[in-house]
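A short worksheet on the structure shown next.
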Amino acid sequence: MSASVQTIKLPNGKTVAHVNPGEAQFLYQEIFAERCYLRRGLELRAGDVVFDVGANIGMFSLFAHLECPDVTVHAFEPAPVPYAALRANAERYGIAGRFEQCAVSDVAGRGKMTFYTDTTMMSGFHPDPATRAELLRRLAINGGYSAEAADRMLAELPDTSQVIETSVVRLSDVIAERGITSIGLLKIDVEKNERHVMAGIDAADWPRIRQVVTEVHDIDGRLDEVLTLLRGQGFTVLSEQEPLFAGTDIYQVVARRGDA
């Protein structure tokens, strides 16, 4: 692949492996500066098991480790180049846990996904070039660029998509194979595949999960579907849309057990 793993020094002084600096800076701002995965009462406790589904370069895995060094992280990233950065970051900082090069869905086996070397966070099983272009345009405008500047940037964006094959696992299979009895926080960011990830959790395993935070693409009523599912599993649930994503179909859903 044309992308390669390099390193960058973050504002907090930590050096991390990354695929491209713009994405690394974006992830740092969201995860470390804005603490996007620990809002609305979510917390990490000593001894927690954390599932990082759609780990990319492992920025959230690193955040969880630095926030609460006693956590054990199980991270999943299917694309080879981000996964190489994930492994490098886990080794550099001694993050306890397991880091797998695989996707997560409702059926185990093999699958084909589209990988974007320039915008790796948008890679996934459900590519839509027109939607991707509109999302990039909206993010640029919401981030302070003029519509004209956003259009120019999109016009100069090369087509770097590649179809890659990956192994796919179900979360309940992972829970059983690894003997996991409780999950303190399940984080899901999988570009329109979030409902499939949740469908791979058997009814008997939902009570093991204390908290969930997931990005949801509200396509064909998917947001209501996810909210209904989580409430049905006994969670107190909240959805919100960050200002950066205004005008898009992207929401964040936070779910906590009633006694959390």
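Points worth noting:
- Qualifying residue in the range 37-46 (condition: of a type in the set (Lys, Arg) and at pLDDT below 95): yes
- Qualifying residue in the range 75-90 (condition: assigned to a loop (DSSP other than H, G, I, E, B), within 28 Å of residue 210 (Cβ to Cβ), charged (D, E, K, R) and in contact with a Phe, Trp or Tyr (Cβ under 6 Å, 6 or more places away or on another chain)): yes
Residues are listed down the side, and each one gets a yes or a no for (1) assigned to a loop (DSSP other than H, G, I, E, B); (2) touching a strand residue (DSSP E or B) at 6+ places or on another chain (Cβ under 9 Å); (3) over 23 Å from residue 140 (Cα atoms):
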| residue | (1), (2), (3) |
| --- | --- |
| 7 | no, yes, yes |
| 31 | no, no, no |
| 35 | yes, no, no |
| 41 | yes, yes, yes |
| 47 | yes, yes, yes |
| 64 | no, yes, yes |
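- Looking only at residues in the range 142-168 that are open to solvent by 40 Å² or more (accessible area, probe 1.4 Å) and in contact (Cβ under 8 Å) with a residue 60 or more places away in the chain, the one that is nearest to residue 198 (Cα to Cα) is 162.
- Scan of the range 28-42 for residues that are open to solvent by 30 Å² or more (accessible area, probe 1.4 Å) and of a type outside the set (A, V, I, L, M), ordered by number: 28, 29, 32, 34, 35, 39, 40, 41
- Residues satisfying the stated conditions in the range 96-110, i.e. open to solvent by 50 Å² or more (accessible area, probe 1.4 Å) and either aliphatic (A, V, I, L, M) or in a loop (DSSP other than H, G, I, E, B) (or both): 101, 106, 107, 108
- Test: residue in the range 140-162 that is outside any helix (DSSP H, G or I) and within 30 Å of residue 209 (Cα to Cα): no
- Selection within the range 228-252: residues that are closer than 23 Å to residue 138 by Cβ and part of a helix (DSSP H, G or I). The member of this set that is most open to solvent (accessible area, probe 1.4 Å) is 243.
- The criterion of being free of Cβ contacts under 8 Å to residues at least 40 places away in the same chain, open to solvent by less than 60 Å² (accessible area, probe 1.4 Å) and outside any loop (DSSP other than H, G, I, E, B) does not hold for residue 186.
The values are calculated or read from the model by the stated rules, or taken from the named source; none is laboratory data. Source: prediction; values computed, not measured. Because the Cβ atoms are built from the backbone with ideal geometry, glycine has one as well, and the counts that use them run over all protein chains shown. Remember, those area values only see protein heavy atoms, side chains included, never the ligands or the DNA or RNA. Shrake-Rupley method; radii C 1.70, N 1.55, O 1.52, S 1.80 Å.
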